[in-house]
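S.K.: What follows is a single structure, and I will ask about it in a moment.
The values are calculated or read from the model by the stated rules, or taken from the named source; none is laboratory data. Treat the numbers as computed from the prediction; the structure is a model and nothing was measured. As a convention, Cβ positions derive from the backbone with ideal geometry for all residues, glycine included, and neighbour counts pool all protein chains shown. Surface areas here come from the heavy atoms of the whole protein model, side chains and all, with no ligands, DNA or RNA. Shrake-Rupley method; radii C 1.70, N 1.55, O 1.52, S 1.80 Å.
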Amino acid sequence: MPLRRTRQPGSSSSVSFLNADEELLLVKLYAGKVSQLCGHFRFPEEVEATAVTYLKRFYLKNTVMDWHPKNVMLTALFLATKTTNHPIALEHYASHIPRTAPSDVLDLEFLVAQSLGFDFAVWHAHRALWGIWLDIQTLPDIDMNELRKAYDVALTHVRASRLTDVELIYTPSQIALACLSLASPGLASAWARSKSGSPESSPSSPSSTPSPEILVLELLEPIKSMILIQGSPPDVEAVREVDRRLKLCKNPEKIVGSNAYNKKREAQERKAAEKRARKAAQVRQAMADGDPFGSELAEQDMVDDDDDDD
């Protein structure tokens with residue numbers, strides 16, 4: 001007679017794990033908190049945009065059930081201050097954030113950098129928007145007051161886009177033009193027409209083939225929809241409920257002080273000690289054989305010598 005499996009308290013079968021949408025809620029909440037911290041420290045917009053990008057790219061490869069977004073966000077922001085050439089002292093940074101020690105930031109820095117593939121340079125939509133703004137000033141019959149107002153509104157849409165996934169799908173210039181189109185469709189159309197080289201369309205001269213300008217503007221529609229629909233902070237109560245559940249389904253190997261964490265730490269330390277012991281034994285054997293550099297280096301030297309002779 002087969003044994004019946006019972007659901008034991010605390011087993012994985014009794015845990016309600018987070019789904020992708022719930023994880024996204026948490027990441028989105030802490031992406032918004034980057035802006036608050038940057039305002040507190042008076043970091044430039046480049047730092048804010050870079051930190052948000054790092055946070056989102058980190059969770060393309062990781063899960064909030066392993067690494068809580070709060071800790072990753074603090075590390076991503078500190079890393080962004082360095083990669084954008086606006087460094088801040090670690091002690092000063094941590095001292096201005098409640099319940100945060102310097103180790104809380106540094107412990108995850110290598111993991112975040114590794115998850116980014118050590119690719120730290122980011123080209124942002126707000127810089128592309130600035131370029132488009134300069135371009136439009138060279139067009140004839142441009143009202144500078146209207147252009148300034150449109151730029152300010154477009155910049156708010158760019159900032160809202162950081163709470164969405166558009167930067168993982170579209171180029172910065174496409175996002176910037178979509179934000180300008182949301183602020184002023186006429187100016188966006190004029191800029192696109194100037195770049196496509198097509199004359200201004202006339203009602204008396206219909207054409208069956210869409211102009212390059214029309215094709216470009218049609219491409220912007222999905223971007224505009226994502227920004228308008230997803231570019232707002234999540235409901236705090238919904239996130240609070242997800243965060244409560246996260247405490248029950250968090251990977252125990254990542255919780256400092258848990259049995260699983262201690263066991264994994266002991267295994268890592270044991271493995272590291274065995275590796276050091278093997279290296280020490282190899283060095284002792286090499287010294288006993290009269291070869292302080294080890295046989296592998298000696299063989300490599302012979303190969304290098306042969307290459308030199310060639």
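S.K.: Would you mind putting 135-145, 234-244 in packing order, based on average other-beta-carbon counts within 10 Å, highest first?
M.R.: 234-244, 135-145
S.K.: Ok, one more. Could you state the number of Å between the C-alpha centres of the stretch 128-193 and the stretch 47-88?
M.R.: With the stretch 47-88 and the stretch 128-193 each reduced to a Cα centre, they are spaced 26 Å.
S.K.: Something else: On a 32 Å Cα-Cα criterion, which of the cross-link pairs 28/82; 70/195; 33/275; 250/279; 56/247 come out too long?
M.R.: With Cα atoms farther than 32 Å apart: 70/195; 33/275; 250/279.
S.K.: On the protein heavy atoms, probe 1.4 angstrom, tell me the percent of accessible surface of the stretch 4-130 carried by carbon and sulfur. Show your work: numbers first, answer last.
M.R.: Working: 3590 of 6690 Å².
Answer for the stretch 4-130: carbon and sulfur cover 54 percent of the accessible area.
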